[in-house]
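Colleague: Below: one structure in C-alpha cells.
Read-outs: derived from the displayed coordinates by stated rules, not from any lab. Everything quoted here is computed from the prediction, not taken from an experiment. So basically every Cβ, Gly included, is an ideal-geometry build from the backbone, and we count neighbours across all protein chains shown.
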Amino acid sequence: MPFPRASGVLCHPTSFPSRFGIGDLGRGAYQFIDWLATAKQQLWQVLPLGPTGYGDSPYQCFSAFAGNPMLISPEGMAHSGLLPHSALSAAPDFPGDRVDFGPVIGYKQGLLRAAYEHFKANATREQRAGYAWFQDESASWLPDYALFMAIKAQHGGGSWHDWPRALRLREAAALAAARAELADEVGYHAFLQWVFWDQWSALKARAAENGIRIIGDVPIFVAEDSADVWANPEQFKLDEEGNPTVIAGVPPDLFSASGQRWGNPHYNWEQMRADGYRWWIDRVKQTLKFVDIARIDHFRGFAAAWEIPADEETAIAGKWIKAPGRELFVALRDAIGELPFIAEDLGVITPDVDALRLEFDLPGMKILQFAFGMELAPKYLPHNYESNSIVYPGTHDNNTTVGYYWEPERTELERHYIRRYLRTDAHDIAWDFIWAAWSSASDQAVATLQDVMSLGAEARMNFPSRASGNWHWRYTEPMLASHLAYRLADLTEIYERSAPEPEEEPAEGAEAEEDPVWPKGYPR
C-alpha cells in the first residue's frame, strides 16, 4: 500500500545511550522519540527485534515471533517494581560508544534472572494477571519458544541439532518430560517475553502519541537454529533427522565470484500452501503488533529464491526455485487487510519481481549511494524516482555517507560526479545526501542517525560480508543534539514531509504525567 509523504530516521534500539552496556527500551529510547518529534519526523525505522543468536545479528534470531531480552530496560523493570533499584547500583563501566556483546549479555542475564526471582516472590496481583494474559495471548508461539530456549540453556546454548534425538524430533514423551523438568526455566523465558512486550508497547504508545509510526524489518528467511524451524519442521525442507536439505543464498555476481551461502533453510512451499500459509499469516500478525509498517527483506525471494544443496560449500551450484509470491500475498491480504509493507527490491531485479511488487502497490527502495558508482544506476538518481518508493542516503548495510564518500576505492571521477549532481563542494556531504532524499519525489525518506550526525566510517553498523564485528555502534547522549533536530525539522517542513499540527488543544485540567520519561501507568 502507498504511504503518505513523510520522513524519518533509522536507529536500532541497541544504539541508544544506556549505562548497562547496550541500548534498551528505557530513558534513551524515550529521549530519542522526543527528539524525533522535535525534528518533525513521522517515521522511526528499526532492525529485526528478535532474540539474537550467531554473531549478535538481528537477522539471525532464535525466533521470528519473540522480542530480544537484551533490549529490556533494567531501569524500566525497577520503575515497575519488577527489580529492586539497589540491583542496578553495581553496573560495570561499559563503553558508551559501542556494544561489547559478551560482557553485556552476561551482566544483563544476571539482572533478568534476578528480576524473575523477584517477580515470583513479590509480584502484585496486577502483574501476575498481566503475565497470565500475555501467555494466553501468545499461546500460538510462546510455549514452543520458551521450551526451545529452556532446552537450549540445559544443553549449554548449543544448536538444537546437537540435542538428544528424541528432543530434536519432538517426540511427545520427550517434550512432556522436558516441560516438567524445565518448568521454571520455561517460565523464565515466558516472563522475559512479557516484560519485553510490556516495555515495547509503552514505547510504541509514546511514539504514536507523537505521530510517529515504526518501520520494522522482516527477514524473508529464518535462522536454522531457531524455535521456528525446530517447532515447525514440516514448514521447511528438512530431512528425517531435521537437517536442511537445501539452504538459501544468492548466486555469484560482480561482488562475489562464489555467491553468498547464507545457510538459512528453505521453506516447504507445498506444505505452506496446503495449510493456507498459516505460519506466514501468524508471523506477519505478530510483527504488526510490534510495528506499524514492515520492510520485507530480500523481497525478490518471494518470486524466486536461490536454492543451494546443503552439502555445498559455496553458492555456485544453486538454482532458482519459484516461490508462490502472489498466492502468499493474497492469503496475507485476506487475513489482515491492506499490506503495510515496504519491498526491499535492491540488486538485480527481474520483471516478475517488479510485477509482484506493483500488483500489491508496495513501495520499493532507493539507495542514493548506489547511484554514483563508475557504472551509474539511473534508477537510484532522485530525478528518476516514482512517488511510491522510500529513499535512503544509505542503510544499515552501507557505509555512512561520510565514510562512503571518502572510501579509498572511491575515484576522484566519482566524487566529482557526486559534487556535480548535488551541486555541492562536499564539505557537508551527509546532509547533501539527506537534502537530495528529502527533496525527492519519493513518498518516504529515511536517513540513518549516523548520517544525521555526519559520522564517518567508524560509525558503520554492518558489513554484510563480515561474519563478526558488526552491530556494535552506539551514540552517547550529548550526540543527540537539539540543533540537529531543528535542522532536520526545517528540511522536513520545506519538503512537506512533516505531519500537520494537531487541531485540538489538550483538555483543561488534564492531568500531567508523574514522570517526564516513563508513561503514566507504565507498564500496563
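Colleague: Rank by packing, highest mean first: peptides 286-296, 327-337, 218-228, 362-372, with packing defined as the count of other Cβ atoms within 10 Å averaged across residues.
Modeller: 218-228, 362-372, 286-296, 327-337
Colleague: Which lysines, on any chain, are close to Lys237 with Cα under 17 Å apart, when same-chain ones fewer than 8 places away are left out?
Modeller: Lys319, Lys322
Colleague: I need the shape label for the range 148-219. Rule: rounded when a/c is under 1.5, else prolate if a/b > b/c, else oblate, with a, b, c from the alpha carbon gyration tensor.
Modeller: Here the range 148-219 falls in the prolate category.
Colleague: Report the relative contact order of the chain, percent, no decimals, based on alpha-carbon pairs under 8 angstrom and at least 6 residues apart.
Modeller: So the answer I get is 21 percent.
Colleague: Let me have the 222 nm mean residue ellipticity of the chain computed from DSSP H runs of 4+ only, each contributing -39500 (n - 2.57), with the sum over all residues rounded to the nearest 500.
Modeller: Values: 18 runs with 195 residues, N = 524.
Mean residue ellipticity at 222 nm (helix-derived): -11000 deg cm²/dmol.
Colleague: Continuing with this model, one more query. Can you bin the range 50-203 into rounded, prolate or oblate? Criterion: square roots of the alpha carbon gyration tensor eigenvalues sorted a ≥ b ≥ c, rounded for a/c under 1.5, prolate for a/b above b/c, oblate for the rest.
Modeller: The shape class here is oblate.
Colleague: Same structure again: Shape of the chain from its Cα gyration tensor (a ≥ b ≥ c, root eigenvalues): rounded if a/c is under 1.5, otherwise prolate when a/b > b/c, or oblate?
Modeller: oblate
Colleague: Given labels modelled 7 Å from the Cα in the Cβ direction, how far is it in nm from Arg326 to Ala304?
Modeller: Output for this residue pair reads 1.6 nm.
Colleague: Excluding residues on the same chain fewer than 8 positions from Lys379, give the lysines whose Cα lies under 23 Å from its Cα.
Modeller: The qualifying lysines are Lys366.
Colleague: Note down the relative contact order for the range 1-56 as a percent, whole number, built from C-alpha pairs under 8 angstrom at least six residues apart. Don't jump to the answer; show the numbers that get you there.
Modeller: Values: 52 pairs, mean separation 22.7, N = 56.
Computed over the range 1-56, the figure is 41 percent.
Colleague: For a protection proxy built on the mean count of beta-carbon atoms within 10 angstrom, sort 423-436, 460-473 highest first, please.
Modeller: Per-residue Cβ counts within 10 Å, averaged per peptide and sorted highest first, yield 423-436, 460-473.
Colleague: Read phi for every residue in the range 168-174 and hand back ³J(HN,Hα) as whole Hz from Karplus 6.51 cos²θ - 1.76 cosθ + 1.60, θ = phi - 60°, with x for Gly and Pro.
Modeller: Those phi angles translate into 4, 8, 6, 5, 4, 5, 5 Hz.
Colleague: Please list 139-147, 487-495 highest first by mean number of surrounding beta-carbon atoms within 10 Å per residue.
Modeller: Peptide ranking by packing, descending: 139-147, 487-495.
Colleague: Let me ask something else about it. Compute the distance in nm between two label points, each set 7 Å from the Cα along the Cα-to-Cβ direction, one at Thr476 and one at Asp239.
Modeller: In this crude label model, Thr476 to Asp239 measures out at 5.4 nm.
Colleague: Give me a comma-separated list of calculated 3J(HN,Hα) values for the range 230-247, in order, Karplus coefficients 6.51, -1.76, 1.60 applied at θ = phi - 60°, integers in Hz, x for any Gly or Pro.
Modeller: Ordered by residue, 3J(HN,Hα) equals 4, 7, 10, x, 5, 7, 10, 7, 10, 8, 5, 9, x, 8, x, 8, 9, 10 Hz.
Colleague: Can you pull the one-decimal nm distance between simple spin-label points at Glu496 and Asp428, each 7 Å off the Cα toward Cβ?
Modeller: With each label point 7 Å from Cα toward Cβ, the separation is 2.4 nm.
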